[in-house]
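Structure first, commentary second.
Every read-out reported here was derived from the displayed coordinates using simple, explicitly stated rules and does not represent laboratory data. These numbers were taken from a predicted model, which means no experiment stands behind them. Neighbour counts are summed over all protein chains in view; Cβ atoms, including those assigned to glycine, are modelled from backbone coordinates with ideal geometry.
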Ligand code: NAD
Ligand code: AKB
């Protein structure tokens, strides 16, 4: 029985991706791996500690568990990466490289690796940013994502590796906290609103960024991976979009349910990062090639976020 490995399984995306993969393929077929333990063990047969930079351990894991498909989510995100540039570069690039090399050597069936809207920079058109445009990122994270996209395309062209990728926007979720990104405010704001405390935002009120609710992102990921190879025309990474919001927009959406919610603004270095990213994304290629359609807008997401988070408290350890 061929199996699916998710590396970075304890993270914001991994937590929910594993859950969905396990529903679709069965819990015996999913292997989770992470450097760090998850908050709660997912209901799958195998969960292992792994450093994605340890190629030998990764190769052994692939053999031992008959892995044919790998989702490599291990990374250092934008805000944290600015503080530890060399380490971030090593993890983001080294991890991808190990996975691509194993895919080539062992002729694995399929690889998923996520890119980000961080591949775009100040010189990129900010409205409806096209699939192919100027990509001059100014962050360590963005540079690593852009280089990663080029490597994915290279391994596909040169070695026939079936690697697929999405440029995720900022992802908003309630099952696991985000891990050090610039868009993390859009998760924390919901926790604070439910604590009935004012939220101090590290971005300006009108800094508008592309965002997506996690159930849409997970569905997109699995749909991309299930699409027939001939439909996948972009082998660097697909633009993907749902909606765009500023902190003021998020607060307004929350106030429809919690009218007394207060937000204040104390922009820090993350505002500079966000200022270089697009306001909105043109994802027509994904819609054309593999029939991508988002479900949630900001208000339908807010409704679910507030309902699901009711009764929980914010844990700010993981965010920047
Ligand atoms: P996260 O920080 O929540 O999770 C990353 C996981 O990788 C963590 O559990 C961490 O312990 C693990 N990890 C770090 N170094 C490792 C190593 N050396 N070996 C094994 N595991 C290691 O991140 P996330 O939000 O789940 O993001 C997953 C991927 O999606 C990343 O590549 C990220 O760049 C990308 N992405 C995320 C977002 C978002 O908004 N969450 C947006 C765009 C792209
Ligand atoms: C981050 O803010 O670093 C991530 C991303 C958009 O890649 N959420």
(request) Using only Cα atoms, locate the centre of the range 116-187 and the centre of the range 234-251, then give the distance between them in Å, rounded to an integer. (result) 11 Å
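Can you tell me, using C-alpha contacts under 8 Å and at least 6 residues apart, the relative contact order of the range 110-260 as a whole percent? Before the final figure, lay out the partial values.
Values: 204 pairs, mean separation 42.4, N = 151.
With pairs under 8 Å counted, the relative contact order is 28 percent.
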(message) Counting other beta carbons within 10 Å of each residue's own, what order do 87, 192, 158 fall into, fewest first?
(response) 158, 87, 192
(message) Can you give me the convex hull volume of the Cα atoms of the range 128-218, divided per residue and expressed in Å³?
(response) 141 Å³
(request) Note down the nm distance, to one decimal, between modelled labels 7 Å out along Cα→Cβ at residue 272 and at residue 126. (result) 1.7 nm
(message) With the crude spin-label approximation of a point 7 Å out along Cα→Cβ, what separation in nm comes out for residue 84 versus residue 310?
(response) 3.8 nm
(message) So the label point goes 7 Å from the Cα of residue 66 along Cα→C-beta, right? Which residues of the range 13-46 then have their backbone N under 17 Å from it?
(response) 25-32, 45-46
(request) Return one number: the angle in degrees, 0 to 90 and rounded to the nearest 10, between the long axis of the Cα atoms of helix 12-25 and the longest principal axis of the Cα atoms of the chain. (result) 50 degrees
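With runs of 4+ DSSP H residues as the only contributors, calculate the mean residue ellipticity of the chain at 222 nm using -39,500 (n - 2.57) per run, divided by the residue total and rounded to the nearest 500.
Details: 11 runs with 129 residues, N = 320.
Result for the chain: -12500 deg cm²/dmol, rounded to the nearest 500.
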(request) Distance between Cα centroids, the range 87-106 to the range 264-309: provide it in whole Å. (result) 28 Å
(message) Across the range 70-139, what fraction of all alpha-carbon pairs, as a whole percent, falls in each successive 5 Å bin from zero upward?
(response) 3, 15, 20, 18, 17, 17, 8, 2, 0
(message) If I fit a long axis through the Cα atoms of helix 140-159 and take the longest principal axis of the Cα atoms of the chain, what angle between them do I get, 0 to 90°, rounded to 10?
(response) 30 degrees
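Please order 83, 307 by the number of other Cβ within 10 Å, starting at the fewest.
Details: 83 13, 307 10.
With the sparsest Cβ surroundings first, the list reads 307, 83.
Pairs of alpha-carbon atoms within less than 8 angstrom and 6+ residues apart define the contacts here; what relative contact order does the chain have, in percent? Before the final figure, lay out each step's value.
On the way: 655 pairs, mean separation 60.4, N = 320.
About 19 percent, as a whole number.
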(message) If a paramagnetic tag sat 7 Å from the Cα of residue 262 along the Cα-Cβ line, which residues of the range 173-202 would have the backbone N under 12 Å from that point?
(response) 196-200
(request) Grab every C-alpha pair in the range 68-198, bin the distances at 5 angstrom width from 0 up to the longest one, and report whole percents. (result) 2, 10, 18, 20, 18, 15, 10, 5, 2, 1, 0
(request) Take every DSSP beta bridge with both residues inside the range 153-302 and express the antiparallel ones as a percent of the total, to the nearest 5. (result) 25 percent
(request) Please report Rg over Rh for the range 1-111, where both radii come from the alpha carbon positions and Rh follows the Kirkwood definition. (result) 0.96
(request) Compute the acute angle (0 to 90°) between the alpha-carbon long axis of helix 85-105 and the principal axis of greatest extent of the alpha-carbon atoms of the chain; round to the nearest 10°. (result) 40 degrees
(request) Restricting things to alpha carbons, find the Rg to Rh ratio for the chain using the Kirkwood radius for Rh. (result) 0.95
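In terms of the ratio Rg/(2.2 N^0.38 Å) built on C-alpha atoms, what value belongs to the range 128-279? Before the final figure, lay out the partial values.
Values: Rg = 17.4 Å, N = 152, 2.2 N^0.38 = 14.8 Å.
Against the empirical 2.2 N^0.38 Å value, I get 1.17 for the range 128-279.
Mind sorting 116, 280 by how few other Cβ atoms lie within 10 Å of their own Cβ, fewest first?
Details: 116 30, 280 17.
Fewest to most other Cβ atoms nearby, the residues stand as 280, 116.
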(request) Please work out whether the range 176-234 counts as rounded, prolate or oblate from its C-alpha gyration tensor, where a ≥ b ≥ c are the square roots of the eigenvalues and a/c under 1.5 means rounded, while otherwise a/b larger than b/c means prolate and anything else oblate? (result) prolate
